[in-house]
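Worksheet: one structure, shown below.
The values are calculated or read from the model by the stated rules, or taken from the named source; none is laboratory data. As the structure is a computational prediction, the values presented were derived from the model and not from experiment. Note that we place each Cβ from the backbone using ideal geometry, even for glycine, and neighbour counts take in every protein chain shown.
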Amino acid sequence: MRRSPKETEESASVTHRRALLMGGAMTAMFAVLGARMRYLSVDQADQFKLLAEENRISIRLIPPARGLILDRNGKVLAGNEQNYRVVITREDAGNVDEVLAKLAHIIPLTADDLDRTTKEMRRTSSFAPITVADRLTWEDLSKIALNAPALPGVSPEVGLSRQYPRDTDFAHVLGYVGPVSERDLAELESPDPLLRIPKFQIGKIGVERWMEDVLRGRAGTRRIEVNAVGRVMRELERVEGDPGSDVRLTIDADVQNFIQARLGDESAAAVVMDVNNGDLIAIVSSPSFDPNLFVRGISHTDYNTLMENDHRPLANKTVQGVYPPGSTFKMITALAALEAGLINVNTTVRCPGHLEFGGRRFHCWKRAGHGAVNLEKSLAESCDVYYYDIAQRVGIEKIAEMGRRFGLGIRHDLPMSAIADGIMPNRAWKQERHKQDWRIGDTINASIGQGYVLTSPLQLAVMTARIATGRAVVPRLVRSIDGKEVPVEPAPEIGISEEIMRKIRSGMYAVMNGERGTATSSRIVDEALVWAGKTGTSQVRNITAAERARGVISNDQLPWNRRDHALFVGYAPYTNPRYAVSVVVEHGGGGSTAAAPIARDAILRALSDGLPPLSAYPSSQRNRIASMLEKLPLRDAEGRAPDTSRA
């Protein structure tokens with residue numbers, strides 16, 4: 001059936017309209033596609049180029065293993081333990097707050113952890129990984145690994161953290177490590193890139209700090225491929241760095257532990273030194289603290305407890321503490337007078353119990369006096385008047401010069417913190433420090449180690465070693481580095497005749513073994529180990545004339561912090577010296593009662609393979625000593641502390 005012209009015209013019109021609609025739709029679609037292509041290829045070109053580049057190679061540092069610190073026998077004093085941690089890299093994380101919020105739902109993170117992480121990100125380069133949390137459990141690390149796709153920029157890591165297995169025994173010697181601070185970086189002219197890694201740990205005090213460059217090692221590197229959202233795709237290459245060098249100290253860990261236990265709760269210090277090569281066998285400050293607390297981040301409560309303790313556990317009393325040496329200084333005054341030819345071994349001084357000078361009375365510790373006193377008796381019975389007298393003849397300049405020759409008033413170079421110079425005063429020193437002239441009364445006070453004279457326990461040990469050998473022995477703490485022995489230079493002669501030195505040693509022998517020696521109760525009866533020494537007591541308060549008239553208050557009736565310091569120095573064996581020892585007990589009272597017994601135990605421990613032999617003690621003391629030794633909280637053969645949790 002043929003269509004009419006009208007129908008044909010209407011059909012053509014519909015077809016034309018449909019063609020126009022379809023053409024318009026296609027044109028619009030191509031226009032949209034063209035616009036989108038232009039947007040992607042032109043307007044967003046830089047963005048997509050950046051995303052492509054971010055699927056790139058990244059180079060990251062691998063912190064090296066810190067070198068070990070060992071005792072003289074190879075026992076580990078500072079080591080490294082495995083540490084699980086999680087880090088975040090800002091440039092890979094995108095929305096950091098969102099990622100951290102997700103992470104906080106997976107592992108326990110406090111508000112402080114999140115706040116600290118955010119602050120560290122603000123002051124750290126965007127490509128540097130920030131430690132969010134460390135010392136995680138294996139379970140926490142596994143959770144992070146499982147949720148890795150939802151945590152861009154977050155990486156679980158296994159690293160090393162410093163550990164001090166003998167905790168309190170070596171806190172003052174080793175010090176501790178901690179995160180690098182802005183202050184640490186400011187002190188360095190060209191900081192190692194390692195130090196820029198957040199929470200990277202460096203030595204803060206002690207051997208850890210002063211041997212930082214040796215212990216740190218050199219960083220390694222790893223090349224990794226990361227995608228646009230910051231996820232690590234693969235590790236392309238790893239170059240391990242060089243671990244830090246191992247440092248072996250001169251200290252014997254077992255002797256150190258024995259002395260630390262022997263000092264107990266006393267505020268005290270003890271040093272044992274090899275008189276022949278200067279090796280420090282033990283250098284102990286009490287009370288101590290656990291350096292592991294600082295590595296892990298010490299709490300305010302723990303830190304305040306340490307700071308508020310009147311026995312000052314954070315202070316290293318062996319090198320930082322300075323004290324009037326009291327009568328342990330008398331050998332120096334005697335040496336100055338003997339070398340100057342102003343006295344000899346037979347020179348006598350009458351001691352009525354005091355010396356009158358310039359309208360002032362200088363008292364001897366023995367109120368009734370010692371009568372006629374020669375050199376040996378003056379040391380054995382510690383007569384003060386003898387030294388008041390000879391000090392006026394010799395003068396402060398010669399006394400001070402002699403003190404420095406024997407290691408007093410000078411800073412000994414050791415890798416330890418806050419080593420004090422002490423004070424070996426003379427006329428120039430007083431004029432510079434106090435703008436005053438030196439007086440004879442100052443010399444009289446200095447002659448018995450009082451007045452301006454201040455020394456450290458380390459200096460007293462050095463003095464004693466030099467008296468024992470007649471050589472200028474220098475203390476040392478480092479025995480070897482990476483197995484290479486640190487050379488020891490032969491100690492030069494002290495420059496004083498052997499005849500004079502024998503006279504001083506004879507007096508020190510009489511202190512321990514003479515009929516009226518001040519420390520005969522601390523003598524050693526084993527003939528092979530017999531020793532020589534000198535007691536000392538230094539005042540920390542002024543005693544008024546009124547108090548002397550009615551009777552000086554005894555130490556045990558005074559508050560602890562107003563009692564005298566107790567001191568002792570000695571060496572053994574007498575005929576063939578091996579070790580020197582010095583002990584200071586703060587506010588301990590008398591040197592003969594508080595310091596000498598500790599010193600005897602310490603030097604016998606150094607001379608023995610194990611506990612001090614009971615045969616070295618007078619028979620009347622052996623039961624008491626055996627009981628005391630049995631109760632000491634000593635570490636076992638593996639260095640483990642005793643279990644004190646059981647009654």
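Per-structure values
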{"quantity": "LEU306, sole failed condition from (1) over 16 Å from the mean Cα position of the chain (by Cα); (2) not in a loop (DSSP other than H, G, I, E, B)", "calculated": "(1)"}
{"quantity": "Candidate set from segment 252-301 (those that are of a type in the set (Val, Ile, Thr) and either within 14 Å of the chain's Cα centre (by Cα) or assigned to a helix (DSSP H, G or I) (or both)); member that is modelled with the lowest pLDDT", "calculated": "VAL295"}
{"quantity": "Considering residues of segment 135-190 that are in contact (Cβ under 8 Å) with a residue 12 or more places away in the chain and of a type in the set (S, T, N, Q) only, the residue farthest from GLU212 (Cα to Cα)", "calculated": "ASN147"}
{"quantity": "Segment 292-309 residues that are outside the structural domain of SER161 (by TED's automatic domain parsing), paired with ones that are modelled with pLDDT of 90 or more and part of a loop (DSSP other than H, G, I, E, B) (beta carbon under 7 Å, 6 or more apart)", "calculated": "ASN292/TYR164; LEU306/PHE289; LEU306/PRO313; LEU306/LEU314"}
{"quantity": "From the options LEU70, LEU100, LEU33, LEU20, residue that is at pLDDT 65 or above and closer than 30 Å to GLY203 by Cα", "calculated": "LEU70"}
{"quantity": "Residue count, segment 600-620 (criterion: closer than 15 Å to ALA282 by Cβ, of a type outside the set (A, V, I, L, M) and in a helix (DSSP H, G or I))", "calculated": "3"}
{"quantity": "Subset of segment 586-600 [touching a Leu at 6+ places or on another chain (Cβ under 8 Å) and more than 21 Å from PHE406 (Cβ to Cβ)]", "calculated": "ILE598"}
{"quantity": "Test for ASP601: is it without any contact (Cβ under 8 Å) to a residue 40 or more places away in the chain and either touching a His at 6+ places or on another chain (Cβ under 8 Å) or outside the structural domain of TYR164 (by TED's automatic domain parsing) (or both)", "calculated": "no"}
{"quantity": "Number of positions in segment 55-108 that are without any contact (Cβ under 8 Å) to a residue 12 or more places away in the chain and among the polar types (S, T, N, Q)", "calculated": "1"}
{"quantity": "Candidates ALA465, ALA472, filtered to the one that is of a type outside the set (Phe, Trp, Tyr), within 29 Å of SER615 (Cα to Cα) and buried (at least 17 other Cβ atoms within 10 Å of the Cβ)", "calculated": "ALA465"}
{"quantity": "Of residues in segment 303-344 being among the hydroxyl-bearing types (Ser, Thr, Tyr) and under 14 Å from VAL584 (Cα atoms), the one surrounded by the fewest Cβ atoms within 10 Å (Cβ to Cβ)", "calculated": "TYR323"}
{"quantity": "Subset of segment 621-636 (residues that are part of a loop (DSSP other than H, G, I, E, B) and surrounded by 15 or more Cβ atoms within 10 Å (Cβ to Cβ))", "calculated": "LEU632, LEU634, ARG635"}
{"quantity": "ASP389 vs. criteria out of contact with any His (no Cβ under 7 Å at 6 or more places or on another chain) and under 18 Å from ARG360 (Cβ atoms)", "calculated": "yes"}
{"quantity": "Residues of segment 414-432 satisfying the condition of being over 16 Å from PHE170 (Cα atoms) and touching a strand residue (DSSP E or B) at 6+ places or on another chain (Cβ under 6 Å)", "calculated": "GLY422, ILE423"}
{"quantity": "All helices (runs of 4 or more DSSP H) inside segment 106-180 with 3 or more residues being farther than 30 Å from LEU632 by Cα and not aromatic (Phe, Trp, Tyr)", "calculated": "111-122, 138-146"}
{"quantity": "Enumeration of residues in segment 115-140 that are closer than 13 Å to VAL86 by Cα, within 33 Å of the chain's Cα centre (by Cα) and surrounded by fewer than 17 Cβ atoms within 10 Å (Cβ to Cβ)", "calculated": "ASP134, ARG135, THR137, TRP138"}
